[in-house]
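Structure, as structure tokens:
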Amino acid sequence: MVDPQLEIEPYLEAAAQKSMRITHIFETHVQADHLSGARRLADATGAPVLFHQSAPVRFPHVEITDGEDHDLGNVRLSILHTPGHTPDSVSILVTDKTRAPEPWFVLTGDTLFSGGVGRPDLIGAGSETTFAEQLHESLYGKILKLPDHVEVFPAHFGGAACGKGLSGKPGSTIGFERRFNPALRLTSKSEFVQFVLADLPPQPEAFAENRRRNLSGE
Ligand SMILES: [Fe+2]
């Protein structure tokens, strides 16, 4: 399970229907837009909650690091640390070994969206520019190094306040975003930083409180 919402029944039902167990609960970052269901799901399943090692989470969890692989049967999950939206953001590269030895899709969390990128201003007022620069490095140094055919499944699509300009389409490909994502068509890092910090939607009031609760696990 990746980025569970607070309402966990649908996940338990989906797993039961397929006679599968939930063995890992990954968070792509400490969420601000919703209350996480990770702890509830961990209590219900006994599965560990996994966060990047830089996440300042104050409840029991397993720390993951860049480059780490998790083999789940025929599926391999490879962790890419992609800071920018938050310092602890990760993307998860998924390989179905029954199809190919190479990754098939990437779960980009709030790093890369269909039509946009994650906003770098949600935490650490005053650090927006540093985070925006990190986002540039994560995108160009890691995500866009992937081949064009790799599918992209972000944590949000149109309507979410975690970025701007998001498409209503829930998925995309690396190639499509490389060619048509407005944030990825700028020539210099400084233009990118300027672009991602401009015209951001207001931060919903609940974001700070959600983040606080998701950190403490209460
Ligand atoms: Fe987010």
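Find all pairs meeting these conditions: Cβ atoms under 6 angstrom apart; at least six residues apart or on different chains; first residue within the range 203-218 and in contact (Cβ under 8 Å) with a residue 60 or more places away in the chain; second residue basic (Lys, Arg) and assigned to a helix (DSSP H, G or I).
Listed by first residue and then by second, the contacts come to Gly217/Arg39.
When residues of the range 8-30 are filtered for being within 16 Å of the ligand (Cβ to nearest atom) and either farther than 21 Å from Ala160 by Cβ or in contact with a Ser or Thr (Cβ under 9 Å, 6 or more places away or on another chain) (or both), how many remain?
4
Does Gln53 meet the test of being within 27 Å of Tyr140 (Cα to Cα) and either among the β-branched types (Val, Ile, Thr) or touching a strand residue (DSSP E or B) at 6+ places or on another chain (Cβ under 7 Å) (or both)?
The answer is yes for Gln53.
Could you list all residues from the range 12-28 that are without any contact (Cβ under 8 Å) to a residue 24 or more places away in the chain and acidic (Asp, Glu)?
Of everything in the range 12-28, just one residue is without any contact (Cβ under 8 Å) to a residue 24 or more places away in the chain and acidic (Asp, Glu), namely Glu13.
Inside the range 13-105, counting only strands (runs of 3 or more DSSP E) that do not spill past its ends, which hold 1 or more residues that are under 22 Å from Arg212 (Cβ atoms)?
49-52, 62-64, 90-96
Of these, Thr23, Thr108, which one is among the hydroxyl-bearing types (Ser, Thr, Tyr) and either closer than 21 Å to Glu151 by Cα or at pLDDT below 95 (or both)?
Every option except Thr108 fails the conditions.
Out of the residues in the range 112-162 that are surrounded by fewer than 24 Cβ atoms within 10 Å (Cβ to Cβ) and of a type in the set (Phe, Trp, Tyr), which is farthest from the ligand (Cβ to nearest atom)?
Filtering first and then ranking leaves Tyr140.
How many of the residues in the range 163-185 are away from the ligand (no atom under 16 Å from the Cβ) and over 16 Å from Gln134 (Cα atoms)?
16
Report, by residue number, each residue of the range 31-40 that is out of contact with any Lys or Arg (no Cβ under 8 Å at 6 or more places or on another chain) and within 16 Å of the ligand (Cβ to nearest atom).
Once the filter is applied, which keeps residues that are out of contact with any Lys or Arg (no Cβ under 8 Å at 6 or more places or on another chain) and within 16 Å of the ligand (Cβ to nearest atom), the range 31-40 yields Asp33, His34, Ser36, Gly37, Ala38.
The values are calculated or read from the model by the stated rules, or taken from the named source; none is laboratory data. All values reported here derive from a predicted model rather than from experimental measurement. All Cβ positions, glycine included, derive from the backbone under ideal geometry; neighbour counts span all protein chains shown.
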